[in-house]
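The values are calculated or read from the model by the stated rules, or taken from the named source; none is laboratory data. These numbers come from a predicted model, not from an experiment. Don't worry about glycine lacking a Cβ; one is built from the backbone with ideal geometry, like all the others, and counts go over all protein chains shown.
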Amino acid sequence: MTTSPPDGAAPPSEPRSMSRRSFLRGSTVMAAGVAAMAAGLAPLRKLSDYGSVDEFLQMHYSELKPEQMKVILERMEREVQRQYGVRPHVRDFKPMNGVEFVYALNLTRCTGCRKCVHACVAENNQSRDPGLEYIRVLKMPNGTFDMEKGDHNYAPESVPEPGFFYMPVQCHQCKNPPCVKVCPVKATWQEPDGITVIDYNWCIGCRYCEAACPYFARRFNFTEPSIPSEKLNPNMSYLGNRPRHKGVMEKCHFCIQRTRAGRYPACLEVCPTGARKFGNILDPDSEVSYILKHKRVFVLKEEVGTLPRFFYYFDV
Amino acid sequence: MKTAVRNYFVFLARSASVAFEGDWRYFTWIGVLFAICLLGLNAYSRQLSEGLVVTGMTDQVSWGVYIANFTFLVGVAAAAVMLVIPVYVYRNEELHDLVIFGELLAVAAILMCLAFVTVDLGRPDRFWHLIPGLGKFNFPGSMLSWDVIVLNGYLLLNVHICGYLLYCRYKNTKPAKWFYIPFVFIGIFWAVSIHTVTAFLYVGLGGRPFWNSAVVGPRFIASAFTAGPAIIILALQVIRRFTTYRVPDKALLTLRSIVQVSMLINLFLLANEVFKEFYTDNLHVASARYLFFGLDGHHALVRWIWTAVTFNIIAMILLALPLSRSLKWLDVACVLAIIGIWIEKGMGLVVPGFIPSPLGEIVEYLPTWNETAVCLGIWAFGFLCYTFFLRMAVPILQGTLNKSNESAAAPAAGIVSVKS
C-alpha cells in the first residue's frame, strides 16, 4: 500500500510546475525553520566577551616563545585593566633550579580559624560571587580519620572546640598526580619545582581532573568569576593568580607568584599559630627537611599512591 | 572519475530529498522532533552565555546527566555488533540487511554521544585542543583521549560500511568484499573497545572507590548488549509498522535471545558488585549505601535505583519466559530493560561515584530544567537523525530508489509507503 508523496496532487506530466511549487513550499518551511532556530539561539546575545581571536588561537604554554609570552602578558594586563580598572603586573615566574617545594602542616597547632582560607582567596583573586576557595578545613572528632565524620561547615562562636581537631586540605601537589594523568589536553602538568599548574587558556573544562582528584582540591568556574575591583591583587602570574574566566579549572598552586620569588605562601603568612611550614625539600637545612626527618609525619590517603608533597604531623 | 563523483553526489542528493518526503504523520513526527531540538538549542545557548551554573552540577558532583547519557549511548552504539556478529561470523543471512539498520543506529548514537560530551565542556570553543597534531593530545595517558579516538573511529567505520553498502545497492552492483569486509571485522572489536574505554574512564580513578572496580567494564558490555539490541528490536518493529519493509519475526527472536542472555549476565554482575560492597562493609561502601539506601538522611537516588532494579528483574523474567516470544510482551520487556539500564548505568553509576566527596562531604545532585532541556534536545536530534537515515535506507534496500530510475520525473514517487 502506498500513499502519494506530499505534493502528489500534481500530475506527473507537469514536473516543472510541481518542482516550483515544492520549491516554494520547501523554502517557506526552511525560512520558518531558520527563524525558529534564530529564536532558539537568542540567549547567545547575552554572551559576554568570549575572548579575542588571539586568545582563541593561543598555543599551549609549553610552546610559547619568550617574545610571544611577552605579548600575551601585555594583552592580559590590558584586559584586566579594562575589566577591573586596575593596572596589574602579570609575570611568568619560572621554577628555580634545585628547588622542590614541600608543605608541612602541624595538626596540633591548627585551631580551625580559617584565616588561611580567606588569605588565599584575597591573594589568588578567587571569585567572591560565587565564592570559590582552594582550602577546605575539616573539623574532625578526636579518635578518627574517617573524613565522612568531619564537618565542613562548622561555625561556632569561637574555635577551637574541645574534643575536635582541625584539618585544612588543599592541593597536595602530588608527585604522582592523577589529575595530570587524566587531562586529555595536557592543560595541567607538574613543574620541576613540584607545583602542579593549570594553563587557564588551554583548559577545555571537561572536569575529568576534578573527578580524578582524591583530595577535592580542584575548583571549576561554573560561571564568570566576580571580584570587586578594590579587592584585586595586582601582583599576578600567568600560571597562578591572574583572573580566570568561566568554564575552566583552578586550584592551589602554592602561591606561585610569591614562592617563586622567594616569599612564603599567603596561607602560611597569615596563620596565627605557626601551624603551617613551607620550604625546599632539596635543601637539607630547610625547616621542612627538619620536620620530615624528625617529626612523625603522614600523608592523606597514602593508599591511593599519589605521593603528596603536603605532609601532616602532630607535635605531641 | 568525474562521472563517478557526479554519480555519488546525485545519490546523496536523491537520498537527502527522500528524507523530506512523507505523509502528514511523518511531517508531524519530524516537526515535533525539530521543535524539541530547538528547545534544547535554546537551553544550550543559555548555558553558553551563563556557564555550567545553569546545570545542577557542583564541584562535588562535577558530572551529571550529560555524562550519564553519554555513557548509556556509547553502549547503544556498541551494541550494533550484536547484529553484525550473527551475520558475518555465523552467516545468518536472514539478518543481512538488518545489519544496516543496526549500524545506522550506531551512527545516530555516536552523534548523540559527541553532542553530550560537547555540551558538558566548559569551553567548547577550545575543542581544537583535542585534535591530534593541532592541539595537545594527552595520548596514551588520558582515557578521555582514547575515547576521542575510538568514538570518532567507530563513527567513521560505521558511516563507511553503511554508506558503501547502500551506495552499491543503489547502483545495483555487488559490493567489493575487500572494501568493506575487513572494516566489518575491525568494527566488531572496535565496538567492544568503545565501551571498554568508556568504562575505563571511570575504572581508572583510584580516588573514587565506587568506580575503581574491575567489574565495571564487563558490566558496561553486558548492559550495553542488553539495552542496545532492545532498542534495535523496537526500531525494527517501528520499521515494520510504518514502512513496507519486511522484517522477519525470526530476526526479532534472534535479538530476543541476545537480550535474554545479556540481561542475565548483567544482573549477575550487578549482584557481584552489590555483594562485594555490602558484605565487605568497609568505609568504601558509602557510595553504594547512598545509592541503594541513602546516607545520613540523603536519598535522592534510592527511588531511581530500585525502579531500575525492579524493571530489570521484571524484564529478565519476561525474557526468560516463553511469553516474550509474543512480540507484545517482548516490547514490554525491551522498554523495561532500556529504562532500567538507562537509570542503572547513567544516574546510578555516574552520580554516586561523587557522593560522598573525597573529603566525605555529601552534596546531592539533581538535574535542572535547563540541563534536562539540553538532554531532550540531543535525544530529539538523535531520533531525527535516525529517522532520516531510515527514510533513506529503506527505499534503497527495497530497490525503489536506485540508479536506473534516476531520470524519472518524480524520483521518489511510490517509495513513500505507509502501512495503514
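Some notes on this structure:
- Within the range B:190-219, residues that are closer than 29 Å to B:Val84 by Cβ and within 14 Å of chain A (Cβ to nearest Cβ) sit with their Cβ atoms under 7 Å from residues that are assigned to a helix (DSSP H, G or I) and of a type in the set (D, E, K, R), at 6+ positions apart or across chains, in these pairs: B:Val197/B:Asp147; B:Thr198/B:Asp147; B:Leu201/B:Asp147.
- A single member of B:His160, B:His129 is within 14 Å of another protein chain (Cβ to nearest Cβ) and surrounded by 15 or more Cβ atoms within 10 Å (Cβ to Cβ), and it is B:His129.
- Here B:Ile100 clears all of (1) under 30 Å from B:Arg46 (Cα atoms); (2) away from chain A (no Cβ under 14 Å) except the condition numbered (1).
- Condition met for B:Trp329 (free of Cβ contacts under 8 Å to residues at least 12 places away in the same chain and touching a helix residue (DSSP H, G or I) at 6+ places or on another chain (Cβ under 6 Å)): yes
- Looking only at the range B:340-377, and only at residues there that are more than 14 Å from chain A (Cβ to nearest Cβ) and of a type in the set (Val, Ile, Thr), the one that is surrounded by the most Cβ atoms within 10 Å (Cβ to Cβ): B:Ile341
- B:Ala108 being away from every other protein chain (no Cβ under 14 Å) and surrounded by 22 or more Cβ atoms within 10 Å (Cβ to Cβ): yes
- Residue that is nearest to A:Leu282 (Cα to Cα) [pool: residues in the range A:64-86 that are within 23 Å of the chain's Cα centre (by Cα) and assigned to a loop (DSSP other than H, G, I, E, B)]: A:Leu64
- Set A:Tyr290, A:Tyr313, A:Tyr264, A:Tyr238: member being buried (at least 21 other Cβ atoms within 10 Å of the Cβ) and of a type in the set (Phe, Trp, Tyr): A:Tyr238
- Every listed requirement among (1) within 14 Å of another protein chain (Cβ to nearest Cβ); (2) more than 22 Å from A:Val117 (Cβ to Cβ); (3) of a type in the set (Lys, Arg) is met by A:Lys293 save one, (1).
- Selected residue (only one of B:Thr198, B:Thr173 is within 30 Å of A:Cys213 (Cβ to Cβ) and among the polar types (S, T, N, Q)): B:Thr198
- Residues in the range B:95-105 that are surrounded by fewer than 21 Cβ atoms within 10 Å (Cβ to Cβ) and within 16 Å of B:His160 (Cα to Cα): B:Asp97 alone.
- Failed condition for B:Asn92, given (1) buried (at least 20 other Cβ atoms within 10 Å of the Cβ); (2) touching a helix residue (DSSP H, G or I) at 6+ places or on another chain (Cβ under 6 Å): (1)
- In the range A:236-259, the residues that are away from chain B (no Cβ under 14 Å) reach residues that are in a strand (DSSP E or B) and among the aromatic types (Phe, Trp, Tyr) with C-beta atoms within less than 6 angstrom, at least six apart or across chains, in these pairs: A:Phe254/A:Phe101.
- Between B:Phe116, B:Phe72, the distinction of being aromatic (Phe, Trp, Tyr), crowded, with 21+ Cβ neighbours inside 10 Å and touching a Lys or Arg at 6+ places or on another chain (Cβ under 7 Å) belongs to B:Phe72 only.
Rundown of residues vs (1) within 7 Å of another protein chain (Cβ to nearest Cβ); (2) farther than 19 Å from B:Trp24 by Cβ; (3) modelled with pLDDT of 80 or more, yes/no style:
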residue: A:Thr2; (1), (2), (3): yes, no, no
residue: A:Asp7; (1), (2), (3): no, no, no
residue: A:Ala10; (1), (2), (3): no, no, no
residue: A:Arg16; (1), (2), (3): no, yes, no
residue: A:Ser19; (1), (2), (3): no, yes, no
residue: A:Thr28; (1), (2), (3): no, no, yes
residue: A:Ala35; (1), (2), (3): no, yes, yes
residue: A:Arg45; (1), (2), (3): no, yes, no
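For (1) under 14 Å from A:Leu107 (Cβ atoms); (2) surrounded by 20 or more Cβ atoms within 10 Å (Cβ to Cβ); (3) more than 9 Å from chain B (Cβ to nearest Cβ); (4) at pLDDT below 95, each residue gets a yes or a no:
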site: A:Lys139; (1), (2), (3), (4): yes, yes, yes, no
site: A:Phe145; (1), (2), (3), (4): yes, no, yes, yes
site: A:Tyr154; (1), (2), (3), (4): no, no, yes, no
site: A:Pro168; (1), (2), (3), (4): yes, yes, yes, no
site: A:Cys171; (1), (2), (3), (4): no, yes, yes, no
site: A:Asn176; (1), (2), (3), (4): no, no, yes, no
site: A:Thr188; (1), (2), (3), (4): no, yes, yes, no
site: A:Pro192; (1), (2), (3), (4): no, no, yes, no
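- Looking only at the range B:220-252, and only at residues there that are part of a loop (DSSP other than H, G, I, E, B) and touching a residue at least 40 places away in the same chain (Cβ under 8 Å), the one that is farthest from B:Asn266 (Cα to Cα): B:Thr244
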